[in-house]
C-alpha cells in the first residue's frame, strides 16, 4: 500500500505538537519504533509515500490516538494538514485516521473556539441544577456549540433567549461563523463527567492549557475560567482538586469510620503525589509479598479470595489471570480499564486521584503474576486530574525503581503506559478499549476469542477495572481466605459504591458486600426529599428499583435474584416528584449518542427507542410500550456488546415500576 | 480436501450435520439448505458480523450469536427457527428498512422481509432527507433531540463526483463491505473508512474529500460488494434516473479481460447493445469477484463503433 497524502503542509505548531507526542510516547514503547518518514511533508514528491510495510505500520498504529490528542490539546482542533502529517509519520491511511478522529467526542475535525466548556447535563447533574446552568451559559455565551436542537434547548428554560433554528448541523455552522469573528470560547453539553458527588460538573478543554474540571460549577466560574488568559500550569502536577478528597470520601473524614476502610484507607491521609508517603502508609508491601509468593502463590490467594470483577460484569478475576498466565502465546499484557464512564460512576476517579500508586502497584502484581512486562492504563479523557496524578506517579515509580527493569530488585521487568480516551463510553467495553489503544475506532470485537486468548495486539491479555485491581493489595497482604471472610459466600470482600442524586452526603462509600441499600443510604446521611420514589442501581446500563427493594442486601446474588444488578456500583436515589420522563429521556439520549454504530440493533435501535420514548412522553400514541419492548428484546439478544444489551434496561425497569405513568407519583 | 482435515458434528434445528473444522454455523445452515438471511456477509470478505440479521440461538449462550462468524464446534445445539431468532431477524430487517432506502437491495431481501413479517412503517413516517453535508457535520456524541413524529433515516443526496460511479448513501446499511474491499480484503488502497459514530456513522474519505481527490484508484471493488446499490455504476445510476434500467432486457456475457495476462474473468452486463455494468464472478479463482480499473471501467472502446459515435 502507498499512502495518498495531501500536499498541504502542517503549521509549525501542528508539526511540533505531533513530534512532541511521538518523541515522548514512542520512546517508551518497548520495541515499537517509528518508521522513517517519507520525506518532508509538503513536498509534492511525498504525495504518495510508501512508509514501511504492513507490519511496520501496525507496530506504530497505537500512537495514533496520542498524536491526535497532541494536536487537539495544543491547537483546539485537528486540521486536514495536521491529520495528514500524523498519517505520514505513522503510515496510517488518512481516511482511517479521519475515521478514528471523528469517533471521539473530545476531538474535533472542524475548527471550533479553542476554549470549550463541556457541561454535564446527565442524570446526576440534572438533579443538581445542570439545566439551569446550561440556561445561564446560553444567555452569556450563546447557544451550545453542537448537539443542541430546538427541542433540547427548550429544556434550559432560559427566558428571552431564542434558540437557533435547525439541528446540530446548523449550530455548528453558526459556531463556525463565530470562529471567524474571533470567538474564543464556547460550551457544549456533555454526558456524565464522573464528578457526581459535586454536581453540577464542568470539564474545561483549553487549547494550549491543561484540562481542568469545575465541580460544583457555577456560570460565573465557568465564564471566568474560559476567559482567563492562557496560563501555564502551576508548578508540579498538583492542581486544586475539585472536589477535595474528604468531600469525595465522607467516611475518611470521620476517624472511626476511616479506621475501618480497606480500599480507601489512604484517602485523605497519604499524599497522592509522594511515593515515599505511599510507602509510609503501607505501599509496596503487597508487591514484595507477591514476589515472595510467586505467580502460583498469588493465583492461589486470588482463587481463595473469590474476587469478582468490579467493572460491572462480576467475572471471577482468578479465572482470567490463570488463563493469561498459562497462555502459550507471548507477550502477555495487563490492562487497567480506567475508562469509567457509566453515568453516576466516579469511584475509580477518586481512587486514581487519591491513591494512584496503589493502582500502579496492583497492576505490577498483575504483570508479575500473568507474565506480562507491559501494562497499559487506559483512562477516560474527561479525567484531567487523575491523569496528571497517574502520570506523576508513574514518573516517580520509574525513578524509584518500582517500574522498569528489575522492579525493586525483585527480578522481573514491568512498566506501565498511560493512555487517554477521548470521549467515548463504548471504550470501557474491553475489546473496544483494545481497538482504541491500538489506534482503531473504538468498536467492540466479536467474542470469542476472549481477551485472555486474543486481547490487546491479539495477545493474551488480563484486563481489569481499577477497583478490581486495588483489591489485589489486601488479598496478597492478608491472604485470600481472610479476604473472603468478609461479605457473603458469593460476594466476597469490600465494595465501593457511588452515591449521588438525592442523598445528603454524596460520595464514594466502602462497605462489605451484604450491606442493605437502606443501610448504605443511612451511611450517606439519608436521602433528601423524603423516602425516594426509586433508586437507580448500576447507572444508565442498570435499572431502577422501587421501595420494595430498599432492604435488598447489596450482593451480586441478591441483586440478580431481584432482577437487577450492582453494575459499576451506582446508587442514585430519586425523590418523589422527580420527572422520570426527563430522566429516562436523558438515558435514552445517552445510548443514542454513545452507540458506536457498528451493529444494526444498537445503531438504529437506540434511535428508535429515543423516538418512541418521546411519543410516550407526549402521549401522542398508544403502541409505544410494545414497540419499546420489541426494541429492548432485539438490542438485548442481537447486539454485539454490552452497550446494546443494556441500552433498554433502565427504561424498561422504569416502565415496570410505573415511573413514566402520567399519575405515576404515589403509585 | 486434505484427508486429515477433521470435521465437527453439530445439530441445527434438530438435524445433525458434519462440517469441516473451521467452518461456521452459516456453512452448516447452508449445507442443510436452511435459508439464512445475510447482508454484511460475503464469501470473498472477512466476516464483520455487523448487521446481525443472521443471528441464531446457540444453547448455552446468553445472547444470540451471528451464524456468519461463529465457528461451528462439536456438539453445538443451534436453533434457527425459534421465536427469539425470528424476532431479532424481523427487528433487524425493520430497523434497516425504516432507516435506509432498500429499493435496490435485491430480491432475497424482499423475500426475507416477507418471510419474517417485517413492518418497518410501524416506527412512523420517514423523516425528511438531510441537506447536503448535514450528516457529515454531525459531531460524535451529540444529536438534535427528536420529537418522535418521524423516524430518522440516513436519507441524503447522492454524491455524483465523476463519470464512473455514484455513492448514494441513502441506501447504505453500513455493512463495512466496501471498506473491506478497499482495504485489506482486496485492494489495499484504504481510500474510505467508517467515520463518525452511532447512527451518524458513515462511509467517508478523509475530510469528505471528493473521490477524484482521494486515494481511490477506481477499481470499483466497492461497487462489486455493495449489497444495496449504495455504490453504483454511473451508467446504471443514469439509466435508473431515466427510468430505462431494465434487467429483463439485459444479457450477461462472460469473457476474459483483454488488458493483461492475469486472466480475470469479466461479466459484461449488456442492455440494448450497450455495456452498462461489469462484474466478475465471486467464485472465480483469479479475481474472487475483484477487478482493477481497466477491467471494471475500461470498456468504452468496445462501443467505439462507427454507427455509435
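None of the figures in this text is laboratory data; all of them are computed from the coordinates on show. The shown structure was predicted, so the numbers you read here are calculated from the model rather than taken from an experiment. With ideal geometry, Cβ positions are generated from the backbone for all residues, glycine too; neighbour counts draw on all protein chains shown.
The table for this structure:
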read-out: Gap separating the Cα centres of segment A:627-648 and segment A:410-479, nearest whole Å; value: 25
read-out: Helix-only mean residue ellipticity at 222 nm for chain B, each DSSP H run of n ≥ 4 adding -39500 (n - 2.57), per residue, nearest 500; value: -5500 deg cm²/dmol
read-out: Largest-first principal axis extents, alpha carbons of segment B:211-283, Å; value: 36, 32, 20
read-out: Stretch gain in nm, segment residue A:412-residue A:280, where the contour uses 0.36 nm per residue and the Cα spacing is subtracted; value: 45.2 nm
read-out: Highest-MSF residue in chain B out of B:39, B:76, B:145 [GNM, Cα springs under 10 Å]; value: B:145
read-out: FRET E, pair residue B:250, residue B:59, Förster distance 51 Å, beta-carbon r, rounded to 0.05; value: 0.65
read-out: Kirkwood Rh in Å, taken over segment A:469-605 so that all alpha-carbon pairs contribute; value: 16.3
read-out: Bridge type composition, chain B - antiparallel percent by DSSP, nearest 5; value: 90
read-out: Ranked list, fewest to most other Cβ atoms within 10 Å of each Cβ, for A:475, A:379; value: A:379, A:475
read-out: Cβ-Cβ FRET estimate between residue A:398 and residue B:217, R0 fixed at 41 Å, reported to 0.05; value: 0.30
read-out: Footprinting exposure proxy for A:595, B:251, A:274 (fewest neighbouring C-beta atoms within 10 Å first); value: B:251, A:274, A:595
read-out: Principal axis dimensions, largest first and in whole angstrom, of segment B:151-309 by Cα; value: 49, 36, 28
read-out: Estimated [θ] at 222 nm from DSSP helical runs (n ≥ 4, -39500 (n - 2.57)) normalised by residues in chain A, nearest 500; value: -12500 deg cm²/dmol
read-out: 14 Å reach of a label modelled at residue B:301, 7 Å along Cα-to-Cβ, counting backbone N of segment B:246-269; value: B:257-261
read-out: Per-selection metrics, chain B (Cα): Rg and Dmax in Å; value: 21.1, 68
read-out: Sites residue B:163 and residue B:32 - FRET efficiency at Förster radius 41 Å, r taken between beta-carbons, to 0.05; value: 0.35
read-out: For the protein assembly as shown: span of alpha carbons on each principal axis (Å, largest first); value: 99, 67, 66
read-out: DSSP bridge pairs, chain A: antiparallel proportion in percent, nearest 5; value: 55
read-out: Taking A:528, A:110, B:16 and counting other C-beta atoms within 10 Å, the order from fewest to most; value: B:16, A:528, A:110
read-out: Pairwise centroid distance, computed over Cα atoms, of segment A:582-610 with segment B:235-309, Å; value: 42
read-out: Shielding by partners - mean other protein chain Cβ count within 10 Å, residues of A:98-110; value: 6
